[in-house]
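Please treat every number below as a calculation from the coordinates, not as lab data. All of these numbers come straight from a predicted model, not from anything done at the bench. Neighbour counts are summed over all protein chains in view; Cβ atoms, including those assigned to glycine, are modelled from backbone coordinates with ideal geometry.
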Amino acid sequence: MTTEESEPLSRRARAGREEEGGLTGARTLVSLAELRGAVNECRRCTLWKATTQGVPGEGAVPARLMLVGEAPGDSEDLRGHPFVGPAGTILDRALQDAGLGRDSVYITNAVKHFKFEPRGKRRLHIKPSATEIEACHWWLGEELRLVAPKLVMALGGTAARALLGHPVIVSQLRGSPTRLSATAHLWVTIHPSFLLRVPDDAQRRSEYARFVKELKDAVAWIDKH
C-alpha cells in the first residue's frame, strides 16, 4: 500500500477538491471504499446541514446491473444504507422474485442526502430540486465509472433526470433500453415507492408484477448483449 493510499480519507479526499466549503470533484475517487467518508464531507449543496449522514451506494463492484433511486428517506438517513425503508422492502422482494440478490447488483440514489420537511415528530420526504440533483451528479458519475454497469435502471423520474440531464416522463421511456454512454444503456422504470401509493389491491399487484418482469427483462437484455 502506498503512502497516499494509507493516508486518512479526511486528508486525502479534501486535497485539491475543496472550494468555497464544498468538495468540487477535481480529484476522482480511487475506489468506492472512499465513498462513504467523501459523501459525508460533501458541501456541494446545503442538504447535509439537517441530515444524520450521507448515504452512498452499496453492492457488487463491478456490477452488470446498477439501480438508481431518488434520494435517501428517513430510514436510510438514520441507518446510512440505501433502500432500507418501506420502498426498500418492496425492492428486495422484487429482486428476489426476479431471481436477483441485492448483493448481485449495485444500488444507489441520485442524491445522497435526505431532504425532508418536519411534521410533528415525523420527517416527511421532499423531492430534491434540480439544483440539488445537479450538485450531487458528480458522485453518481464516480459510481458509474467505478461500478461499470452494462445496464442502469433509473427508478423513477428523478433518477432518470439525474442520469440524462433533463426532465423525463417515466411512461414515455419505460421498458426500452436507450444508450446512456459508450459502455452502458439506461432502462427507466417506476420507483418502488410508487407501489406503496397505489390504493387498489388488484392494481397494486398488477403494477408489482410488471416491475418484477422489468427486472427479469433487464437481466435477459444484459445476457443477450
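Return the sequence-ordered ³J(HN,Hα) values of the stretch 191-196 in whole Hz as given by the Karplus equation 6.51 cos²θ - 1.76 cosθ + 1.60 applied to θ = phi - 60°, using x for Gly and Pro.
7, x, 5, 4, 5, 6
Can you list residues from other chains, or at least 5 along the same chain, whose modelled amide H is less than 5 Å from the amide H of His185?
Leu151, Val152, Leu180
Between Gly69, Gly59, Gly99, which gets the highest mean-square fluctuation from a Gaussian network model of the chain, Cα cutoff 10 Å?
Gly99
Note the angle between two axes, namely the Cα long axis of helix 201-224 and the longest principal axis of the Cα atoms of the chain, as a number of degrees from 0 to 90, rounded to the nearest 10.
Approximately 60 degrees, to the nearest ten.
Using a 7 Å offset from the Cα along the Cα-to-Cβ direction at both Asp97 and Leu164, what is the distance between the two label points in nm, to one decimal?
2.6
Relative contact order of the chain, please, whole-number percent, based on alpha carbon pairs below 8 angstrom and at least 6 residues apart.
Once divided by the residue count of the chain, the mean separation gives 19 percent.
For Phe116, what residues show an amide H to amide H distance below 5 Å, using hydrogens built from the backbone and excluding near sequence neighbours?
Ile126
State to the nearest 20 debye the size of the charge dipole of the chain about its Cα centre, where the only charges are +1 on K and R beta carbons and -1 on D and E beta carbons.
Approximately 400 debye in magnitude.
Report, for the stretch 57-224, the % of DSSP beta bridges that are antiparallel, rounded to 5.
Around 35 percent antiparallel, to the nearest 5.
Would you mind computing Rg(Cα) / (2.2 N^0.38 Å) for the chain, counting N as its residues? Mind dumping the intermediate values first?
Details: Rg = 17.4 Å, N = 225, 2.2 N^0.38 = 17.2 Å.
Here the answer is 1.01, to two decimals.
Can you give the angle from 0 to 90° between the axis of helix 86-97 and the longest principal axis of the chain, with both taken from C-alpha atoms, to the nearest 10?
So the inclination is approximately 60 degrees.
Mind listing the phi-derived Karplus ³J(HN,Hα) values for the stretch 140-150, rounded to whole Hz, using 6.51, -1.76 and 1.60 with θ = phi - 60°, and x for any glycine or proline?
5, x, 5, 5, 4, 5, 7, 7, 6, x, 7
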